[in-house]
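Since the structure comes first, as structure tokens, the remarks are kept for the end.
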Amino acid sequence: MSLPAYATPLQRIWHYGFRVICGLIFFFLIAPIIVIIPLSFNAEDFFTFTPGMLALDPDAYSLKHYRDFFGNPDWQQALRNSITIAPVATLLSVGFGTLAAIGLSDSNMPFRRTIMAVLISPMIVPLIISAAGMYFFYSRIGLQGTYWGVVLAHAALGIPFVIITVTATLVGFDRSLTRAAASLGAGPITTFFRVQMPLILPGVISGALFAFITSFDEVVVVLFVGSAGQKTLPWQMFIGLREQISPTILAVATVLVCVAIALLVVVELLRRRSERLRGMSPS
Amino acid sequence: MSDTTTGQGGPVSAGGVMLAADGRPLKQSLARAQRRQRLRAFLLVAPLLAFVLIAFVAPIADMLFRSVENEIVPETLPRTVAELRRWDERSGSLPPQEVFVAMARDLQLAETRKLHTRVGQRLNYEYTGVSSLFRKTGRRLSRMGRELKQAFVGLDPAWGEPATWVELIGAPDWREAQAAWAARRARAGADAGPEPLFRADPAIAALLPQTADFYAAFARAIQTEDGDSPTEEAPWPLVYDALYRDLSGGADLSRHTGPHADLLRAAAAAVPGFPPVSIRDEMLKVDDGWGDVAMWQTIKAYSGRFTNGYFLAALDMKKTPDGIAMVEENRRIYLMLFWRTLLLSVGITLATLVLGYPVAWLLANLPARHANLLLILVLLPFWTSLLVRTSAWKVLLQQQGVINDLLVWIGLISDDARLVMINNQTGTIIAMTHILLPFMVLPLYSVMKTIPPSYLRAAKSLGATNWTAFWRVYFPLSVPGIGAGAILVFILSIGYYITPELVGGTSGIFISNRIAYHISISLNWGLAAALGSILLFAVLILYWTYDRIVGIDNVKLG
């Protein structure tokens with residue numbers, strides 16, 4: 001990709017011009033997320049940089065929006081709801097999903113393709129349709145507006161991610177290892193926990209993180225399936241953005257960006273570890 | 001397999017069939033082992049499959065069902081629906097008296113069961129005004145047929161007694177059960193449980209069909225809805241109207257021997273002298289909306305258990321007596337919305353492709369260390385909450401927002417000519433392009449990484465210009481990535497709800513926003529379900545295509 005010494009001026013211009021274009025696209029990708037971070041420290045209730053902020057005047061910055069987020073009962077209740085819903089939904093999707101992924105990666109599995117298509121469909125079907133269907137069906141069976149209704153719905157939405165990541169890890173899994181364990185006298189359960197699980201664990205954990213973030217960020221389904229008692233953080237943000245737009249949202253957004261960075265780092269580390277475990281060179 | 005078996009000196013039966021260690025033929029043994037493995041694999045998948053079927057597939061099926069379901073009309077207005085079948089809707093004249101009578105009875109029952117507003121609402125989707133007509137009429141029904149009640153009671157005060165009616169219409173065994181229940185309740189109070197549900201005597205039902213039918217419906221309605229007993233409540237005036245119609249219809253009472261036979265015969269003799277009552281006139285007096293033939297045509301058209309009405313409405317069509325027609329020009333919105341959703345999604349897909357292709361190319365051709373660093377810039381938006389990104393755009397694009405401030409500061413625009421970039425299509429396109437860009441870059445990148453750079457060099461060494469080498473060699477190899485990314489972005493964008501809702505205003509909303517509106521605000525669930533079904537159908541076709549091109553097992557994340 002480096003420029004050869006014999007490049008013509010036109011090629012040189014194109015070479016650097018192309019990099020500038022790419023740089024602008026990266027800027028487009030990342031700038032909107034970065035720009036809200038300083039804005040969240042705004043001392044005024046504005047959504048733009050005040051002259052004081054541009055002059056780097058310390059008085060123009062404050063933590064008042066963060067104080068509002070941590071002090072306001074609405075936001076705290078929403079945070080609590082998010083924290084109680086997402087892990088349980090994740091646990092459900094990972095538990096069922098890992099078992100199913102192991103079954104699906106077995107070449108003897110009948111109707112593999114069809115079942116896979118059904119299990120992946122929650123990721124493909126537009127959220128508004130899932131939300132509508134769940135709203136109708138869950139009100140029939142009395143789950144609409146309950147904690148478990150939201151958890152079930154979120155678990156269903158997280159399943160495709162677990163299936164995809166775990167089956168991807170299992171592609172590199174050497175089946176002779178389980179046979180070796182069995183020949184040494186281990187039962188299927190011991191084999192699973194002592195041999196298979198440690199090897200596919202990175203895939204399971206990154207699937208779990210995907211499922212977690214799916215539930216943690218989800219707003220459409222919870223809007224319909226949940227009731228006021230299940231108001232999650234994204235729901236509260238949605239209301240905030242639609243009705244009384246308050247700068248506290250920017251503080252919340254900044255906190256969520258930090259969560260995203262943490263998750264991204266963990267997933268990246270796991271991916272490398274998984275590739276190392278399976279004997280691939282980390283790219 | 002056979003090598004190892006013979007190598008270990010595996011037993012061979014007389015027929016030359018290979019045997020396994022337990023003495024079974026090897027083939028059979030192998031088949032059994034495979035069957036067991038298949039079962040094991042299936043058992044591992046089964047819990048999840050059951051879970052997804054209940055938590056996800058059943059709701060989708062429910063939605064599809066609701067898009068055609070119309071039970072509320074035939075269930076709430078059964079008598080009207082039956083009578084309307086005999087009316088020729090093309091005649092252009094009002095339905096006969098019987099239809100009005102049936103409607104009055106159905107509405108009276110629906111009013112007691114608090115269903116008349118719901119059925120009115122349902123029919124209002126098809127014909128504006130039905131809802132208020134039903135509500136208004138519902139309040140006046142208890143007075144319809146009052147003159148007849150007075151006439152009957154004037155003839156014999158026994159007609160005003162609830163007990164007369166119970167003895168006249170109630171089945172003998174029901175009356176026994178009721179009496180036993182009453183005795184129990186006198187002793188035990190509320191512990192006696194609910195009163196046995198009213199049943200009409202088949203003999204009287206054959207003799208006075210309308211009266212028995214409607215009185216039984218009355219008795220059950222007050223039992224189940226109000227917790228009252230028919231032994232204590234005088235029937236509605238409309239029940240007297242039913243009796244009047246049965247008697248003046250020439251019911252043959254000569255051989256009737258049941259309770260109150262004489263009372264009945266006396267009434268039959270007196271009926272010709274009663275004041276004539278026309279329920280049709282009374283209903284027209286309440287509201288002349290009942291004289292609207294088109295409304296009756298609509299009710300008849302939507303009287304089936306299932307309807308294609310919601311789908312027609314979702315496509316801006318409606319039923320008329322002459323077949324299916326488009327609705328008036330100024331009321332067509334859904335086709336326009338579908339069209340807009342499609343156009344904006346195509347636009348967003350193209351925008352992500354134009355922006356994503358160079359980035360993916362750069363990532364795929366940089367040394368791994370740099371590429372990984374830059375990849376984080378793509379992955380961070382991917383992991384960041386959708387609402388964070390949407391709020392970022394809301395903040396940036398506002399008229400008093402960062403971008404406008406910047407443009408004013410540079411001097412590109414004047415302070416009083418700030419750009420309107422939010423609450424319109426521009427806002428939707430910019431924000432959604434940003435949000436969906438990672439979904440384009442990642443599949444493109446994973447395909448481009450597999451294209452050996454030596455191909456381009458080979459093309460150039462054979463004399464191709466940069467452009468030819470790219471267009472004839474590299475681009476065709478990257479097409480699978482383009483296909484995968486484009487379908488993924490397109491599928492995601494046609495169903496988007498949150499971002500258009502927050503930054504799209506009215507001109508930038510999608511069909512999803514209309515679905516949400518019908519679920520939570522207009523409460524027209526059938527129409528929401530029909531719109532959703534059409535959208536779902538489009539997505540499933542794309543999903544199938546995606547599966548064909550990429551294969552769902554090859555979807556990669558992060």
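The values are calculated or read from the model by the stated rules, or taken from the named source; none is laboratory data. What you see is a predicted model, and the numbers here were worked out from it, not measured in a lab. Don't worry about glycine lacking a Cβ; one is built from the backbone with ideal geometry, like all the others, and counts go over all protein chains shown. Side chains included, ligands, DNA and RNA excluded: accessible areas come from the protein's heavy atoms. Shrake-Rupley method; radii C 1.70, N 1.55, O 1.52, S 1.80 Å.
Tabulated values for the structure
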| quantity | calculated |
| --- | --- |
| Condition met for B:ALA516 (at negative phi and either more than 9 Å from every other protein chain (Cβ to nearest Cβ) or part of a loop (DSSP other than H, G, I, E, B) (or both)) | no |
| Some residue of region A:31-45 being open to solvent by less than 30 Å² (accessible area, probe 1.4 Å), under 28 Å from B:ASN404 (Cα atoms), among the β-branched types (Val, Ile, Thr) and in contact (Cβ under 8 Å) with a residue 60 or more places away in the chain | yes |
| Meets criteria (away from chain A (no Cβ under 11 Å) and either over 30 Å from B:ILE549 (Cα atoms) or free of Cβ contacts under 8 Å to residues at least 60 places away in the same chain (or both)) for B:TRP525 | no |
| Region B:530-558, subset more than 7 Å from chain A (Cβ to nearest Cβ) and modelled with pLDDT of 90 or more, residue farthest from B:ALA486 (Cα to Cα) | B:ALA530 |
| Residues of region A:96-126 satisfying the condition of being in contact (Cβ under 8 Å) with a residue 60 or more places away in the chain and facing chain B (nearest Cβ under 8 Å) | A:PHE96, A:GLY97, A:ALA100, A:ILE102, A:LEU104 |
| Selection within region A:10-23 - under 14 Å from B:ASN466 (Cβ atoms) and either more than 8 Å from chain B (Cβ to nearest Cβ) or among the polar types (S, T, N, Q) (or both) | A:LEU10, A:GLN11, A:ARG12, A:ILE13, A:HIS15, A:GLY17 |
| Meets criteria (in the same structural domain as B:ASP213 (by TED's automatic domain parsing), in contact (Cβ under 8 Å) with a residue 24 or more places away in the chain and of a type in the set (Gly, Ala, Ser)) for B:ALA294 | no |
| Residue in region B:298-310 that is touching a strand residue (DSSP E or B) at 6+ places or on another chain (Cβ under 7 Å) and either modelled with pLDDT under 90 or at positive phi (or both) present | yes |
| Scope region B:332-365; condition within 14 Å of another protein chain (Cβ to nearest Cβ), free of Cβ contacts under 8 Å to residues at least 60 places away in the same chain and open to solvent by 30 Å² or more (accessible area, probe 1.4 Å); matching residues | B:VAL354 |
| Residues (surrounded by fewer than 24 Cβ atoms within 10 Å (Cβ to Cβ) and closer than 30 Å to A:ILE141 by Cα) located in region A:237-251 | A:ILE239 |
| Helices (runs of 4 or more DSSP H) (entirely within region B:188-264) containing at least 1 residues that are farther than 20 Å from B:GLU176 by Cβ and of a type in the set (Val, Ile, Thr) | B:209-221, B:237-248 |
| Per-region count, region B:377-399, residues more than 7 Å from every other protein chain (Cβ to nearest Cβ) and surrounded by fewer than 23 Cβ atoms within 10 Å (Cβ to Cβ) | 2 |
| Any hit, region B:405-420, residues being under 29 Å from A:VAL252 (Cβ atoms) and facing chain A (nearest Cβ under 8 Å) | yes |
| Lone qualifier among B:ILE482, B:ILE509 - being more than 8 Å from every other protein chain (Cβ to nearest Cβ) and at pLDDT 90 or above | B:ILE482 |
| Subset of region B:480-513 (residues that are part of a loop (DSSP other than H, G, I, E, B) and open to solvent by 10 Å² or more (accessible area, probe 1.4 Å)) | B:TYR496, B:TYR497, B:GLY505, B:THR506, B:SER507, B:ILE509 |
| Tally of residues being within 40 Å of the chain's Cα centre (by Cα), buried (at least 16 other Cβ atoms within 10 Å of the Cβ) and not hydroxyl-bearing (Ser, Thr, Tyr) across region B:406-444 | 21 |
| Where A:ALA182 falls short, out of the listed (1) touching a residue at least 24 places away in the same chain (Cβ under 8 Å); (2) open to solvent by 40 Å² or more (accessible area, probe 1.4 Å); (3) in a helix (DSSP H, G or I) | (1) |
| Test: residue in region A:129-137 that is open to solvent by 10 Å² or more (accessible area, probe 1.4 Å), within 7 Å of another protein chain (Cβ to nearest Cβ), out of contact with any strand residue (DSSP E or B) (no Cβ under 6 Å at 6 or more places or on another chain) and without any contact (Cβ under 8 Å) to a residue 24 or more places away in the chain | yes |
| So A:ARG140, is it within 11 Å of chain B (Cβ to nearest Cβ), among the charged types (D, E, K, R), more than 18 Å from the chain's Cα centre (by Cα) and closer than 21 Å to B:LEU44 by Cβ | no |
| Residue count, region A:206-236 (criterion: surrounded by fewer than 18 Cβ atoms within 10 Å (Cβ to Cβ) and either in a helix (DSSP H, G or I) or without any contact (Cβ under 8 Å) to a residue 60 or more places away in the chain (or both)) | 2 |
| Residue in region B:188-208 that is open to solvent by 20 Å² or more (accessible area, probe 1.4 Å), of a type in the set (Val, Ile, Thr) and touching a Gly at 6+ places or on another chain (Cβ under 8 Å) present | no |
| Only listed residue being in a loop (DSSP other than H, G, I, E, B) and open to solvent by less than 30 Å² (accessible area, probe 1.4 Å), chosen from A:THR90, A:THR48 | A:THR48 |
| Members of region B:74-91 found to be in a loop (DSSP other than H, G, I, E, B) and either open to solvent by less than 50 Å² (accessible area, probe 1.4 Å) or touching a strand residue (DSSP E or B) at 6+ places or on another chain (Cβ under 6 Å) (or both), listed by number | B:LEU77, B:TRP87 |
| Count of region B:112-149 residues which are assigned to a helix (DSSP H, G or I) and more than 25 Å from the chain's Cα centre (by Cα) | 14 |
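Each row is one residue, and each column tells you yes or no for (1) under 15 Å from B:GLY289 (Cα atoms); (2) open to solvent by less than 50 Å² (accessible area, probe 1.4 Å).
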residue: B:ALA110; (1), (2): no, yes
residue: B:THR128; (1), (2): yes, no
residue: B:SER131; (1), (2): yes, yes
residue: B:ARG135; (1), (2): yes, no
residue: B:GLY138; (1), (2): yes, yes
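Rundown of residues vs (1) within 11 Å of chain B (Cβ to nearest Cβ); (2) within 13 Å of the chain's Cα centre (by Cα), yes/no style:
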site	(1), (2)
A:PRO202	no, no
A:VAL221	yes, no
A:GLY226	no, no
A:THR232	yes, no
A:VAL259	yes, yes
A:LEU264	yes, yes
A:ARG272	yes, no
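Listed here are the residues, each with its yes/no results for (1) aliphatic (A, V, I, L, M); (2) assigned to a helix (DSSP H, G or I).
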{"site": "B:LYS319", "(1), (2)": "no, no"}
{"site": "B:ALA325", "(1), (2)": "yes, no"}
{"site": "B:LEU337", "(1), (2)": "yes, yes"}
{"site": "B:LEU343", "(1), (2)": "yes, yes"}
{"site": "B:GLY347", "(1), (2)": "no, yes"}
{"site": "B:GLY356", "(1), (2)": "no, yes"}
